[in-house]
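The values are calculated or read from the model by the stated rules, or taken from the named source; none is laboratory data. On a predicted model such as this, the values are computed, not experimentally measured, just so you know. With ideal geometry, Cβ positions are generated from the backbone for all residues, glycine too; neighbour counts draw on all protein chains shown. Heavy atoms of the whole protein, side chains included, go into the accessibility calculation; ligands, DNA and RNA do not. Shrake-Rupley method; radii C 1.70, N 1.55, O 1.52, S 1.80 Å.
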Amino acid sequence: MAVLDIVLYPEAVLKAVAKPVKKVSAEIQRLVDNMLETMYAAPGIGLAAPQVGVSKRLCVVDVSNPQEGEPLNPYVLINPEIIDRAGKILWEEGCLSLPGLYREVQRSSRITVRALDRQGVERVFEAEDLLAVCIQHEMDHLDGIVFPDRLSLLKKKLALKEWKRLREKKLEDDDEGDEAQPAE
Ligand code: NI
């Protein structure tokens, strides 16, 4: 397994609508494994294929809290669809492609998801609260949407302005050879 490079907004791949996965091949499984390793290394609670430069409809999510002694609980979602949704929830979100930027976003609080798993088997399951928020955030990436796109026009403008500053700072710091930075 390998830790992959995470692309930063506004890279074009983050704005593209990703293509469905035709077959859960060994190559796709390798990508899934590398994405899980990349997500845990970041550390983050979700990662979508476009964030590692691959415009395919798959993402990984794990909202468990291993620091609190909880076992890992990875979800692998290939060609995911939300087939039902209910309720509303406001959650402060961040993104590995816009590290350091956080904003409250409104999402559905309960969703029913249909997706293929790592073995290519179709699964239907319900998710709520943080898991539901995270899956909706990652699935947005598959449609070329990042969380600031979910804000009002004015809030989005301010958020992207802040991100521009954070990005410049980050690129400067990376140039100085310090590649370690925490992000969600
Ligand atoms: Ni994200």
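See the values below:
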item	result
Qualifying residue in region 72-93 (condition: under 12 Å from the mean Cα position of the chain (by Cα) and farther than 24 Å from LYS23 by Cα)	yes
Top-ranked residue of region 11-57 - restricted to ones that are free of Cβ contacts under 8 Å to residues at least 60 places away in the same chain and of a type in the set (Val, Ile, Thr), ranked as farthest from LEU101 (Cα to Cα)	ILE28
Of all residues making up region 145-158, the number that are in a helix (DSSP H, G or I) and under 18 Å from the mean Cα position of the chain (by Cα)	4
Residue in region 97-120 that is nearest to MET35 (Cα to Cα), counting only those that are among the small types (Gly, Ala, Ser) and open to solvent by less than 20 Å² (accessible area, probe 1.4 Å)	SER97
Selection status of ARG123, surrounded by fewer than 17 Cβ atoms within 10 Å (Cβ to Cβ), among the basic types (Lys, Arg) and either at pLDDT 95 or above or touching a Cys at 6+ places or on another chain (Cβ under 6 Å) (or both)	yes
Only listed residue being modelled with pLDDT of 95 or more and either surrounded by 21 or more Cβ atoms within 10 Å (Cβ to Cβ) or within 16 Å of the ligand (Cβ to nearest atom) (or both), chosen from ASP62, ASP84	ASP62
Residue match in region 165-178 (condition: more than 14 Å from the ligand (Cβ to nearest atom) and either crowded, with 16+ Cβ neighbours inside 10 Å or among the hydroxyl-bearing types (Ser, Thr, Tyr) (or both))	yes
Residues of region 95-129 classified as over 23 Å from ILE6 (Cα atoms) and either of a type in the set (S, T, N, Q) or outside any strand (DSSP E or B) (or both), total	8
Which listed residue, of GLU172, GLU162, GLU93, GLU70, is closer than 26 Å to VAL13 by Cβ and free of Cβ contacts under 8 Å to residues at least 12 places away in the same chain	GLU172
Set VAL21, VAL17: member being part of a loop (DSSP other than H, G, I, E, B) and over 16 Å from the mean Cα position of the chain (by Cα)	VAL21
Qualifying position, being open to solvent by 60 Å² or more (accessible area, probe 1.4 Å) and closer than 18 Å to VAL133 by Cα, among PRO20, PRO43, PRO71	PRO43
Number of positions in region 126-139 that are open to solvent by less than 30 Å² (accessible area, probe 1.4 Å) and free of Cβ contacts under 8 Å to residues at least 60 places away in the same chain	4
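Residues checked against (1) touching a Pro at 6+ places or on another chain (Cβ under 8 Å); (2) on the phi < 0 side of the Ramachandran plot; (3) aromatic (Phe, Trp, Tyr); (4) within 14 Å of the ligand (Cβ to nearest atom):
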residue: ALA41; (1), (2), (3), (4): no, yes, no, no
residue: GLN51; (1), (2), (3), (4): no, yes, no, yes
residue: GLY94; (1), (2), (3), (4): no, yes, no, yes
residue: GLY100; (1), (2), (3), (4): no, no, no, yes
residue: THR112; (1), (2), (3), (4): no, yes, no, no
residue: ASP129; (1), (2), (3), (4): no, no, no, no
